[in-house]
1. Taking region 53-68, which residues are among the basic types (K, R), without any contact (Cβ under 8 Å) to a residue 40 or more places away in the chain and under 20 Å from K19 (Cβ atoms)?
2. If I go through region 17-34 residue by residue, how many of them are within 23 Å of A76 (Cα to Cα) and in a strand (DSSP E or B)?
3. Restricting the first residue to region 11-31 and requiring it to be touching a residue at least 12 places away in the same chain (Cβ under 8 Å), which pairs with a second residue that is among the basic types (K, R) and assigned to a strand (DSSP E or B) meet a Cβ separation below 6 Å and a spacing of at least six or different chains?
4. Being part of a loop (DSSP other than H, G, I, E, B), of a type in the set (D, E, K, R) and in contact with a helix residue (DSSP H, G or I) (Cβ under 8 Å, 6 or more places away or on another chain) is the filter; apply it to region 35-74 and report the residue that is modelled with the lowest pLDDT.
5. Specify which of the listed residues (K23, K19) is surrounded by fewer than 13 Cβ atoms within 10 Å (Cβ to Cβ), among the charged types (D, E, K, R) and out of contact with any strand residue (DSSP E or B) (no Cβ under 9 Å at 6 or more places or on another chain).
6. If the Cβ limit is 8 Å and pairs must be 6+ apart or interchain, which residue in region 37-52 that is at positive phi pairs with which residue that is assigned to a strand (DSSP E or B) and buried (at least 18 other Cβ atoms within 10 Å of the Cβ)?
Amino acid sequence: MGKGKGHVPFRTCISCGSKRPKKELIRLALNREGGLVMDVSLKMGGRGAYVCKDRSCKERLFRNRRLNRLFRTDRAITVTPVFGDFQ
């Protein structure tokens with residue numbers, strides 16, 4: 001069965017765990033160099049994660065290697081300059 005016209009995809013914030021419509025969250029992805037970027041197009045390849053636009057959720061991401069677990073990598077994840085306005 002297909003999804004009707006009124007279907008709204010929901011995603012879960014990786015920081016606080018709240019479920020919200022996909023358009024209300026920021027999608028994060030890793031670029032080829034291992035840098036964290038905001039996926040504005042929502043179509044970057046590879047593993048992605050969603051986070052709320054709340055400041056507290058964004059700050060919580062950078063604690064306890066949470067991003068390394070989510071993106072399944074042991075490499076250091078760097079915040080790219082384009083991503084700088086995220087914090």
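The values are calculated or read from the model by the stated rules, or taken from the named source; none is laboratory data. No experiment lies behind these values; they were computed from the predicted model shown. Positions of Cβ are backbone-derived with ideal geometry, glycine not excepted, and every protein chain shown enters the neighbour counts.
1. Filtering region 53-68 for residues among the basic types (K, R) gives 53, 55, 58, 60, 63, 65-66.
If we keep only those that are without any contact (Cβ under 8 Å) to a residue 40 or more places away in the chain too, we end up with 53, 55, 63, 65.
Of everything in region 53-68, those that are among the basic types (K, R), without any contact (Cβ under 8 Å) to a residue 40 or more places away in the chain and under 20 Å from K19 (Cβ atoms) turn out to be K53, R55.
2. Of all residues in region 17-34, those within 23 Å of A76 (Cα to Cα) come to 26-34.
Of the ones still in play, those that are also in a strand (DSSP E or B) are 26-30.
Residues flagged as within 23 Å of A76 (Cα to Cα) and in a strand (DSSP E or B) within region 17-34 amount to 5.
3. Hits for this filter: T12/K19; K22/R11; L25/R11.
4. First, the residues of region 35-74 that are part of a loop (DSSP other than H, G, I, E, B): 39-47, 52-54, 61-65, 71-74.
Checking which are of a type in the set (D, E, K, R) leaves us with 39, 43, 47, 53-54, 63, 65, 72, 74.
Within this subset, residues satisfying the condition of being in contact with a helix residue (DSSP H, G or I) (Cβ under 8 Å, 6 or more places away or on another chain) are 47, 53, 74.
Details: R47: 81, K53: 88, D74: 74.
Per the criteria, the residue is D74.
5. Numbers: K19 fails: out of contact with any strand residue (DSSP E or B) (no Cβ under 9 Å at 6 or more places or on another chain).
Just a single option satisfies the conditions, and that option is K23.
6. L42/R27; G46/A29; G46/L30
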